[in-house]
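The values are calculated or read from the model by the stated rules, or taken from the named source; none is laboratory data. In this text, all values refer to a predicted model and were calculated from it rather than measured experimentally. Methodologically, a virtual Cβ is constructed for each residue, glycine included, from the backbone with ideal geometry; neighbour enumeration extends over all protein chains shown. Just the protein is used for accessible areas: all its heavy atoms, side chains included, with ligands, DNA and RNA removed. Shrake-Rupley method; radii C 1.70, N 1.55, O 1.52, S 1.80 Å.
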Amino acid sequence: MIKGKVIIVAGNKRAGKTTLTMMLHDKYNYNYYNFDMLLDSIEASFPVLKDHNDDKYISLLNEMVKRSLDDANNYGVSTVYEYIFTPQQLSNFKFKDQVQIYFLANLDITEDNIREDMKKYSKPFDWPSYVSVEDIERNVKEIINKNEQLKIECPKYKFELINTSRGDNRNIVLSKLANRIASVEKS
C-alpha cells in the first residue's frame, strides 16, 4: 500500500507558507489545513482563548496530526499543515519525528523591501491589502525579528530553515521544495 505523509510548514509571515502548501495541494493532492483560519475561527467562537499565546494550540496540532498520520498509513492520504509555529513550539510537538517539518523565511529582506513586496505581491484578500499603515509597520518589525529568531532556533532544535528569497527566485525555491517534499519517503 502506498503510504501518505504529513507535512508541517512553519516559519515567518509572508515567507511563502501558503504558496508552498497550495502547490502541494494543487499539484500533489495534499489535504491542506491553514491554522490561521482555524485558530481565528476558534478564537472568534471562544473569545476567552484570544490571549496571543499560541503555545496552547500545540495540543490541537497533536490531535489533528495524530488523525492525519492514521489517514496517511491507512489510506495513503497526504496532509500539509501551515502556520507561524516557532521551532521552540514544535520542539515539544509529540509527532515531530513522524512528520516532515519545514521552516520558511525570506532571509533576503530589509525593512524597505518587505514594504515593497507586501504591496507588490499581496492579493486583495491577503491581510496586507486591508490593514492600516501602522499595522504594516508593526508587522515589518515582527518579520525582521522573527527571521533572527528562526536563524537561532532552527539550528538549536535541529529544524531545516529554507530561505524563500524574493521575486522570481522565490517561485523557483518554492517549486523545488514542493517537488522535494512530494518525493521524500517518510518511514
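Return the residue satisfying two criteria in turn: it lies in the stretch 24-40 and is open to solvent by less than 90 Å² (accessible area, probe 1.4 Å) and modelled with pLDDT under 90, and of such residues it is farthest from the chain's Cα centre (by Cα).
Going through the stretch 24-40, the residues open to solvent by less than 90 Å² (accessible area, probe 1.4 Å) turn out to be 24-25, 28, 30-32, 34-36, 38-39.
Now narrow it down to the ones that are modelled with pLDDT under 90: 35-36, 39.
Values: PHE35: 9, ASP36: 10, LEU39: 14 Å.
The extreme case among them is LEU39.
Determine whether PRO87 is open to solvent by less than 10 Å² (accessible area, probe 1.4 Å) and not β-branched (Val, Ile, Thr).
Working: open to solvent by less than 10 Å² (accessible area, probe 1.4 Å): yes; not β-branched (Val, Ile, Thr): yes.
Yes: the conditions hold for PRO87.
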- Any idea how many residues of the stretch 67-91 are under 29 Å from VAL140 (Cβ atoms) and either in contact with a Cys (Cβ under 8 Å, 6 or more places away or on another chain) or outside any strand (DSSP E or B) (or both)? 9
- Query: Considering only the stretch 152-171, how many residues are out of contact with any helix residue (DSSP H, G or I) (no Cβ under 8 Å at 6 or more places or on another chain), at negative phi and at pLDDT 95 or above?
  - Reply: 2
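Kindly provide the set of residues from the stretch 150-164 that are in a helix (DSSP H, G or I) and without any contact (Cβ under 8 Å) to a residue 40 or more places away in the chain, ordered by number.
Here is the first cut: in the stretch 150-164, the residues in a helix (DSSP H, G or I) are 150-156.
Once the filter is applied, which keeps residues that are in a helix (DSSP H, G or I) and without any contact (Cβ under 8 Å) to a residue 40 or more places away in the chain, the stretch 150-164 yields ILE152, PRO155.
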